[in-house]
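To start, the structure under review is shown below, and the notes come after it.
The values are calculated or read from the model by the stated rules, or taken from the named source; none is laboratory data. Because the structure is predicted, anything quoted here is derived from the model rather than measured. Neighbour counts are summed over all protein chains in view; Cβ atoms, including those assigned to glycine, are modelled from backbone coordinates with ideal geometry. The area values use the complete protein model at the heavy-atom level, side chains included, leaving out ligands, DNA and RNA. Shrake-Rupley method; radii C 1.70, N 1.55, O 1.52, S 1.80 Å.
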Amino acid sequence: PGYSLRALNNKFKLVLAMARQWPELSAFMQRTSSVLGKQRMARLGVDCIGVVQWPYISKSWKAPLRLSVLASHYEVVSRYLPTLLLLGRDESLQLCDLSAYSPGCSLVLDRPIWFKREGELVLNLFQGDLRVASLAFTLCHMDGQLNLVIGAVQGIHKGIDSERSLAIYRDLTKDFEGMRPRSFLIEALKSLARTIGVTRIYAVADAYRHHRHAYFGADKGE
């Protein structure tokens, strides 16, 4: 946003990217619009078009693949898994109440904006209002089969001090019969994948994480 030299330069780069990928971008808009319609497309928002320029899940994916995977996700979910169709950044769906095993815990599916480059859906283990663990993923058809691609697995945010985080992890591991929260989340994802007919689960290697892309600058050491 804005009209500084940096902002104008970024706008210019985006226009160039759109011009280069215009056929793929047009196909993406047609595919998503055909399954979502105008109203639901508006709820999805225009930030999804940014994949024409910025990285998505893997730094090695080029714009045509990024657009194709994104369109495939909404085709799959709209046609076959409408219960899992989340569009707005503030939408969520509780999949499982875990309070019988650990007080205040639940499995929740949502789509927060800070995961926008790592997946279209995020499976979370919540303890009350706290995200204890999160796993971002996207569904897509590849080679004639339904696949699930994991873009990120994250723990408790940095606003919680390490001592409290360790205490939460320790208590939940005990409640979940020795399974740590992130491991529990991965097993929950496998269960979800089996339920909806996923053939394979892929996960991005650390060396190919989206934040290592040149879009974020030359120094990717951090």
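Of all the residues in the range 6-26, those that are polar (S, T, N, Q) and open to solvent by 60 Å² or more (accessible area, probe 1.4 Å) number 2.
In the range 36-49, the condition of being at negative phi, within 19 Å of the chain's Cα centre (by Cα) and polar (S, T, N, Q) is met by no residue. Just one of the numbered conditions (1) at pLDDT 95 or above; (2) exposed (fewer than 12 other Cβ atoms within 10 Å of the Cβ) is not true of A203: (2). Residues in the range 92-121 that are open to solvent by less than 40 Å² (accessible area, probe 1.4 Å), under 16 Å from the mean Cα position of the chain (by Cα) and of a type outside the set (V, I, T): L107, L109, D110, R111, P112, F115, E118, G119, E120, L121. When the range 185-197 is limited to residues that are over 18 Å from V77 (Cβ atoms) and within 15 Å of the chain's Cα centre (by Cα), the one that is surrounded by the most Cβ atoms within 10 Å (Cβ to Cβ) turns out to be L185.
Pairing residues of the range 149-174 that are among the hydrophobic types (A, V, I, L, M, F, W, C) with residues that are crowded, with 16+ Cβ neighbours inside 10 Å and part of a loop (DSSP other than H, G, I, E, B), at Cβ distances under 7 Å and at least 6 apart in sequence or on separate chains, gives V149/I57; I150/V204; A152/E118; A152/G119; I168/I156; L172/S102. Somewhere in the range 201-220, is a residue in contact with a Gly (Cβ under 7 Å, 6 or more places away or on another chain) and over 23 Å from S60 (Cβ atoms)? There is no residue in the range 201-220 that is in contact with a Gly (Cβ under 7 Å, 6 or more places away or on another chain) and over 23 Å from S60 (Cβ atoms). Of the listed requirements (1) free of Cβ contacts under 8 Å to residues at least 40 places away in the same chain; (2) surrounded by fewer than 19 Cβ atoms within 10 Å (Cβ to Cβ); (3) of a type in the set (A, V, I, L, M, F, W, C); (4) closer than 28 Å to R209 by Cα, L86 misses just one: (2).
Is it the case that the range 33-40 has a residue that's assigned to a helix (DSSP H, G or I) and of a type in the set (S, T, Y)? Yes. Residues in the range 48-83 that are touching a Lys or Arg at 6+ places or on another chain (Cβ under 6 Å) and either polar (S, T, N, Q) or assigned to a helix (DSSP H, G or I) (or both): V51, A71. Of the conditions (1) in a helix (DSSP H, G or I); (2) of a type in the set (S, T, Y); (3) loosely packed, with under 14 Cβ neighbours inside 10 Å, Y3 fails just one. Which one is it? Answer for Y3: the failing condition is (1). For the range 151-184, taking the residues that are under 19 Å from the mean Cα position of the chain (by Cα) and open to solvent by 90 Å² or more (accessible area, probe 1.4 Å), the one that is modelled with the highest pLDDT is identified as R182.
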